[in-house]
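Below is one structure, written out as structure tokens; comments come after it.
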Amino acid sequence: TFQQWKSWRGKKINWQEQVSFVDRRLQSKHNGDMESLLSELAPDLLTSASLAGSLTHGIIHLGWGVDAGSTCMITEGLAYLNFCALGVEPSYIKMDSFPDESTPIESMARIAKTWKDEHLQQTWVQRAKSAYDNPEKFHPELVVAGFQWELAKVLEHAHPVATEIPSWMTRMEISELYEHLYRMVTWLYLASRDSTENGNFLVLHLLTSLWGLEHVLRAVDKEPSLKHSLTRTALAQWFANMIAIVATSSGGFPSVTVLESIQKEIAESKTDPCDLDWSSVVERGIAEVEEHNIKLVYVTRELWKRYGQWHGYYKAANAFVLTPNIGPDTPEYDA
């Protein structure tokens, strides 16, 4: 039943039953109409504590299914987002903060400064990580996943740098908001590269999850421009989760100096010729065993075409990630 499905949210149990429920719901209540199914089930998931689940792969699977027009991926994605739901408690979110900040990258600079000045690695992240000694009493289903269990603690004790959402979130036109968010997270990705120019595995997920979230929201939100629309509420959730994910990572936040440097190196005005040949990077992505890299190439190429051939997207497409050691290859969950 629907209530049973909701009661399983975030517990990583009854996977096959969750998929079967969504499949049955599509046919029995929505007569095979996928948009109708999405409109019923997605809004509650997108505005609750869910988007960081399985390190954003719930919303990635769902949103990329919408992008591909795949019924199977969409039904799986709805089930998976419910199955692995994890995120910032919605009541923690405070909208319309920092009215003097005009763009997401400006807010990131303020957060980076606060990270350093208030020693948030110690006073927020490490304190949150040490708050739970008994794995049986706090998200026991995530213990096997390692980093995700640590992230859950940081999300549970979300700091105001994550939960106080700047007023540009409700002030900007939606098209402008997406453009600024994509540019901000791409600068963050480039600023987080290692000494050999490889991209940051965690930050890559912020980019691909935003792409997934956008596609779901475009399918279900008919009035995204309203000040308190589903789109703005869900994007605020994504932003809060993004801050927590970067904070929990081993590197923490790039410094203000690094953020300023990448904005000078790859300025907003720096564009490529419209006939730039992407074939070599596309071929590299297809040949990669690490499947995150072809996703990186796909989404950055689409954004490059959408947003006037901004060079940052091409630069990011060439910064492939290495596969990290994120836990056992075959974790076992109650199916």
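Assorted remarks:
Yes or no, residue by residue, for (1) under 21 Å from THR231 (Cβ atoms); (2) among the acidic types (Asp, Glu):
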position	(1), (2)
TYR132	no, no
PRO135	no, no
VAL144	no, no
VAL154	no, no
MET169	yes, no
GLU176	yes, yes
LEU181	yes, no
ALA191	no, no
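- Checklist (1) in a helix (DSSP H, G or I); (2) buried (at least 23 other Cβ atoms within 10 Å of the Cβ) applied to GLY199, failing item: (1)
- Inter-residue pairs, beta-carbon under 8 Å, first farther than 19 Å from ASP194 by Cβ and in the range 251-271, second open to solvent by 60 Å² or more (accessible area, probe 1.4 Å) and of a type outside the set (A, V, I, L, M), 6+ apart: VAL256/LYS113; VAL256/LYS116
- With respect to the conditions (1) over 21 Å from LEU213 (Cα atoms); (2) open to solvent by less than 50 Å² (accessible area, probe 1.4 Å), SER102 lacks only one, and its number is (2).
- Among the conditions (1) in contact with a Lys or Arg (Cβ under 6 Å, 6 or more places away or on another chain); (2) over 30 Å from VAL144 (Cβ atoms), ALA85 misses just one, which is (2).
- Which numbered condition ALA244 fails, given (1) buried (at least 24 other Cβ atoms within 10 Å of the Cβ); (2) in a loop (DSSP other than H, G, I, E, B): (2)
- Among the residues here, THR233 does not qualify as under 24 Å from GLY58 (Cβ atoms), open to solvent by less than 10 Å² (accessible area, probe 1.4 Å), among the β-branched types (Val, Ile, Thr) and modelled with pLDDT of 95 or more.
- Residues within the range 66-79 that are touching a residue at least 60 places away in the same chain (Cβ under 8 Å) and outside any helix (DSSP H, G or I), tallied: 0
- Residue ID - most open to solvent (accessible area, probe 1.4 Å), chosen from residues in the range 185-196 that are among the polar types (S, T, N, Q) and farther than 20 Å from SER107 by Cα: SER195
- The residues of the range 1-50 that are among the hydroxyl-bearing types (Ser, Thr, Tyr), under 20 Å from the mean Cα position of the chain (by Cα) and farther than 17 Å from ILE74 by Cα, listed by number, are THR47, SER48.
- Odd one out for ILE59, checked against (1) free of Cβ contacts under 8 Å to residues at least 60 places away in the same chain; (2) in contact with a helix residue (DSSP H, G or I) (Cβ under 7 Å, 6 or more places away or on another chain): (1)
- Flag for VAL143 being surrounded by fewer than 18 Cβ atoms within 10 Å (Cβ to Cβ) and β-branched (Val, Ile, Thr): yes
- Residue count, the range 37-65 (criterion: out of contact with any Ser or Thr (no Cβ under 8 Å at 6 or more places or on another chain) and not in a helix (DSSP H, G or I)): 4
- Residue that is surrounded by the fewest Cβ atoms within 10 Å (Cβ to Cβ), among those in the range 9-53 that are of a type outside the set (A, V, I, L, M) and in contact with a Phe, Trp or Tyr (Cβ under 7 Å, 6 or more places away or on another chain): TRP15
- Within the range 120-139, residues that are farther than 12 Å from THR248 by Cα sit with their Cβ atoms under 9 Å from residues that are among the basic types (Lys, Arg) and open to solvent by less than 60 Å² (accessible area, probe 1.4 Å), at 6+ positions apart or across chains, in these pairs: SER130/LYS153; ALA131/LYS153; TYR132/LYS153; PHE138/LYS153; HIS139/LYS153.
The values are calculated or read from the model by the stated rules, or taken from the named source; none is laboratory data. Predicted model, so just to flag it, every value in this text is computed and none were measured. Note that each Cβ is placed from the backbone with ideal geometry, even for glycine, and that neighbours are counted across all protein chains shown. The accessibility values were calculated without ligands, DNA or RNA, using every heavy atom of the protein model including side chains. Shrake-Rupley method; radii C 1.70, N 1.55, O 1.52, S 1.80 Å.
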